[in-house]
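Enquirer: The following block contains the structure, expressed as structure tokens.
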Amino acid sequence: MEKSTVYFTDFRCPVGTSQLDKLRKLCVAAGIKDIDMDGKFVAIKMHFGELGNMAFLRPNYAKVVADLCKEQGGMPFLTDCNTLYPGSRKNALEHLDCANLNGFNTITTGCQIIIGDGVRGTDEVEVPVVNGEYCKTALIGHAIMDADVFISLSHFKGHEATGFGGALKNIGMGCGSRAGKMQQHAGGKPAVNAEVCRGCHRCAKECGSDAITYVNKKSCDRL
């Protein structure tokens, strides 16, 4: 596989231009106009941000991409799937309200917003993962699989487990339904290191799920 060509720009803008102009030029340079979108559904996958969180791409950027798709005859829509954790994006109704409050709507973005895995996060398609080492299939939001063209619009962020997240996380985790996200997080189960246990029982007292028990005065995972 050949290395991808990466296009980038700084934030300096001459008088009469803007960062939005630069984004448009970047998209064109990267080959967006080479994609056949005529009469096709175009899923633009992005993160709408949790309520109170300002670390998400502004809707203005989404509109630049959506407008480019429409110029080529495409029918773009912004999409993301519901979250596994509780918050303002755990179901489609709250998710859409959150997106709107964070500035994402048909006026600001120039296209519709569709939550990929439906009202409860259960509208999904089981997709084979070719040569998958850890996952043989993935549960992906139905609306995303219905799209003819897929574009990832990602922001760079810190992540407590992997260090950082970007395009791979936006697609791999973000396109998963709630059950799909559960599958991907299943390998991150906590475990007890019995060798260093002092038998103080503090972990059992702090555990809100009653998941720890003691055998021979040593803590262990509850069976």
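Read the figures in this text as sums done on the coordinates, not as results from a lab. Note that this is a predicted model, so its numbers are computed, not measured. We place every Cβ from the backbone using ideal geometry, glycine too, and count neighbours over all the protein chains shown.
Enquirer: Could you give each residue of region 180-188 its phi-based ³J(HN,Hα) in whole Hz, using Karplus coefficients 6.51, -1.76, 1.60 with θ = phi - 60°, and x for Gly or Pro?
Expert: So the Karplus estimates, Gly and Pro as x, are x, 5, 4, 4, 5, 8, 4, x, x Hz.
Enquirer: Taking θ = phi - 60°, what integer Hz values does the Karplus form 6.51 cos²θ - 1.76 cosθ + 1.60 yield along region 138-145, in sequence order, with x for Gly and Pro?
Expert: Rounded to whole hertz, the list is 9, 8, 10, x, 4, 4, 5, 6.
Enquirer: Indicate, rounded to the nearest 5 percent, the antiparallel portion of the DSSP beta bridges found entirely in the chain.
Expert: The antiparallel fraction comes to roughly 50 percent.
Enquirer: Sticking with this one: Find, among the GluC sites (Glu not before Pro) in region 155-223, those assigned to loop by DSSP (not H, G, I, E, B) with at most 14 other beta-carbon atoms within 10 angstrom.
Expert: Passing sites in region 155-223 are E160.
Enquirer: If you fit an axis through the alpha-carbon atoms of helix 92-101 and take the longest principal axis of the Cα set of the chain, what angle between them do you get, 0 to 90°, nearest 10?
Expert: 60
Enquirer: Could you tell me which trypsin sites (Lys or Arg not before Pro) in region 182-213 are loop residues by DSSP with no more than 15 other beta carbons within 10 angstrom of their beta carbon?
Expert: Here the trypsin sites (Lys or Arg not before Pro) that fit, given the DSSP loop and packing criteria, are R198.
Enquirer: Same structure, new question: Any idea what the relative contact order of the chain is, in percent, if you count C-alpha pairs under 8 Å spaced at least 6 apart?
Expert: 18
Enquirer: Here's something else I'd like to know. Quick one: check the C-alpha center-to-center distance for region 120-193 versus region 18-80, whole angstrom.
Expert: Each part reduced to its Cα centre gives a spacing of 21 Å.
Enquirer: Just in region 1-94: which trypsin sites (Lys or Arg not before Pro) are loop by DSSP and have at most 13 other Cβ atoms within 10 Å?
Expert: K3, R12
Enquirer: Would you mind checking K3/K189; K136/K217; K136/K205; K157/K181; K22/K181 for any pair whose Cα atoms are more than 29 angstrom apart?
Expert: In this structure, K3/K189; K136/K217; K136/K205; K22/K181 lie more than 29 Å apart at Cα.
Enquirer: Aspartates and glutamates near K45 by alpha-carbon distance under 12 Å, same-chain residues fewer than 8 away left out - which ones?
Expert: Leaving aside aspartates and glutamates fewer than 8 places away in the same chain, those within reach of K45 are D80.
Enquirer: Sticking with this one: Give me log10 I(q)/I(0) at q = 0.11 Å⁻¹ for the chain, Debye formula, one equal scatterer per alpha-carbon, no solvent.
Expert: Calculated log10 I(q)/I(0) at the listed q: -0.66.
Enquirer: Continuing with this model, one more query. Helix 59-71 versus the longest principal axis of the chain: what is the Cα-based angle in degrees, 0 to 90, to the nearest 10?
Expert: 50
Enquirer: Moving on to the next point. Give me the percent relative contact order of region 170-221, please, defined on Cα pairs under 8 angstrom at least 6 residues apart.
Expert: 31
Enquirer: Further question on the same structure: Which of G103, G49, G158 moves most in a GNM of the chain, Cα contacts under 10 Å?
Expert: Of G103, G49, G158, the Gaussian network model singles out G158 as fluctuating most.
Enquirer: I would also like to ask the following. Okay, helix-only estimate at 222 nm for the chain: each DSSP H run of n ≥ 4 adds -39500 (n - 2.57), divide by all residues, round to 500 deg cm²/dmol; what do you get?
Expert: Helix-only estimate at 222 nm: -7500 deg cm²/dmol.
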